[in-house]
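The values are calculated or read from the model by the stated rules, or taken from the named source; none is laboratory data. The model shown is predicted, which means the values in this text are computed figures rather than measured ones. Cβ placement follows ideal geometry from the backbone for every residue including glycine, while neighbour counts extend to all protein chains displayed. With ligands, DNA and RNA removed, areas are computed over all heavy atoms of the protein, side chains included. Shrake-Rupley method; radii C 1.70, N 1.55, O 1.52, S 1.80 Å.
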Amino acid sequence: QVQLVESGGGLVQAGGSLRLSCAASGRIASINAMGWYRQAPGKQRELVAGITSGGSTNLADSVKGRFTISRDNAKNTVYLQMNSLKPEDTAVYYCNARLQRIGYLGTYDYWGQGTQVTVSS
């Protein structure tokens, strides 16, 4: 089995910061890309930030200059540092990992359970 466990969400005032963490565990052979998505009430899930195993990153235009994604390959962990938070950043944030399980061919997407981020004005 593979698990992605997120932490670090919460309530913060506009202009504040939060740091999300997501650790992948289980029978993992390798992890390709990892990323963060978010879903606000009544909206579709959207990509916030992604990072490859080599460290290449991409960020949604709405968070560029405010959010930073990083990962620790040794710990199978991805981080999302969120600064200058705005009320429109309020959403459930989901961790995603595209990985290969030990003993299996191919890569598959796995998701965390989600963590709520609420930004008050």
Just to be sure before I move on: is ASN76 closer than 16 Å to SER7 by Cβ, over 10 Å from the mean Cα position of the chain (by Cα) and of a type outside the set (Gly, Ala, Ser) in the structure I sent?
yes
TYR94 vs (1) touching a residue at least 60 places away in the same chain (Cβ under 8 Å); (2) closer than 18 Å to GLN39 by Cβ; (3) among the hydroxyl-bearing types (Ser, Thr, Tyr); (4) out of contact with any strand residue (DSSP E or B) (no Cβ under 8 Å at 6 or more places or on another chain): all pass except (4)
Per the filter on the stretch 77-104, residues part of a loop (DSSP other than H, G, I, E, B) and either open to solvent by 10 Å² or more (accessible area, probe 1.4 Å) or of a type in the set (S, T, N, Q) (or both) are ASN83, SER84, LYS86, THR90, ILE102, GLY103, TYR104
Selection from the stretch 38-58 of residues hydroxyl-bearing (Ser, Thr, Tyr) and at pLDDT below 95 yields SER53
The residue that is farthest from CYS22 (Cα to Cα), considering only those in the stretch 105-121 that are free of Cβ contacts under 8 Å to residues at least 24 places away in the same chain and open to solvent by 90 Å² or more (accessible area, probe 1.4 Å), is LEU105
Here the qualifying pairs (Cβ atoms under 7 Å; residues six or more apart or on different chains; first in the stretch 55-68 and aromatic (Phe, Trp, Tyr); second open to solvent by less than 50 Å² (accessible area, probe 1.4 Å)) come out as PHE67/VAL48; PHE67/ALA49; PHE67/LEU59; PHE67/LEU80; PHE67/MET82
Selection from the stretch 30-63 of residues under 20 Å from GLN3 (Cα atoms), β-branched (Val, Ile, Thr) and open to solvent by less than 30 Å² (accessible area, probe 1.4 Å) yields ILE31, ILE51
Taking the stretch 64-76 and keeping only residues that are assigned to a loop (DSSP other than H, G, I, E, B) and either modelled with pLDDT under 95 or surrounded by 15 or more Cβ atoms within 10 Å (Cβ to Cβ) (or both), one is left with ARG66, ASN76
